[in-house]
1. Consider Leu174 carefully, then state whether it is out of contact with any Ser or Thr (no Cβ under 9 Å at 6 or more places or on another chain) and surrounded by 21 or more Cβ atoms within 10 Å (Cβ to Cβ).
2. Any chance you could count how many residues in segment 133-160 are without any contact (Cβ under 8 Å) to a residue 12 or more places away in the chain and open to solvent by less than 70 Å² (accessible area, probe 1.4 Å)?
3. Take segment 75-90 and flag every residue that is loosely packed, with under 15 Cβ neighbours inside 10 Å and touching a residue at least 24 places away in the same chain (Cβ under 8 Å).
Amino acid sequence: MTAPRPPRVGILLFDGVEELDAVGPWEVLAQWAKHGALDAEVLTFSLDGAPVRCAKGMEITPTTRASDVGPLDALVHPGGPDARRLMTDDAHLAWLRSAAEATPLVASVCTGALVLAAAGLLTGRPATTHHGALGELAAADPTVDVRSGVRFVDDGDVVTSAGVTAGIDLALHLVARLDSPAAADGVRWGIEHVVPAPA
């Protein structure tokens, strides 16, 4: 009997991605991969493998390109100003639909949910996004059960988070799902993403 392969998570990068939408989950997931017991693999990729320029000017060179990613257990689609451009990019939406069919768990951070909605991945589902884009999410697909005031919404094979720093909470939730709540707590303490005790 073949041992199961370690879990693999891919984070999509694109020009105009919000830095923390991608780097926040990366920090959580990379901490898990480095210190966890499952030998998880976390990678970044752009559709063509080229470096991307983020919303505030940071440049990131991805690990690989989309066609070379291979099987994933989870795909994270961040948001950012240029996420709205992707909502009308037919090639991107087609790629996303295909990736979602092959990936057990698709997650979005912030306005990445708008792209998921445009691709038809949130039809009839509960979902959330940045508080300033909740109306846009409802407009993108009126069947979405838009949730406000929450850090993330887990609907089984699709998980969406609120804006920016909520991606950290989403990634911790992914660790709990792909590994265990104890592993997520270990990561939380490792990166000191904890509520301080009252003075």
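The values are calculated or read from the model by the stated rules, or taken from the named source; none is laboratory data. What you see is a predicted model, and the numbers here were worked out from it, not measured in a lab. Positions of Cβ are generated from backbone atoms using ideal geometry, with glycine treated the same way; all protein chains shown enter the neighbour counts. When the accessible area is computed, the model is the full protein with side chains, heavy atoms only, and any ligands, DNA or RNA have been set aside. Shrake-Rupley method; radii C 1.70, N 1.55, O 1.52, S 1.80 Å.
1. Values: out of contact with any Ser or Thr (no Cβ under 9 Å at 6 or more places or on another chain): yes; surrounded by 21 or more Cβ atoms within 10 Å (Cβ to Cβ): yes.
Taking the combined requirement at face value, the residue satisfies it.
2. So the answer is 3.
3. Initially, segment 75-90 is screened for residues loosely packed, with under 15 Cβ neighbours inside 10 Å, giving 81, 85, 88, 90.
The answer is Pro81, Arg85, Thr88.
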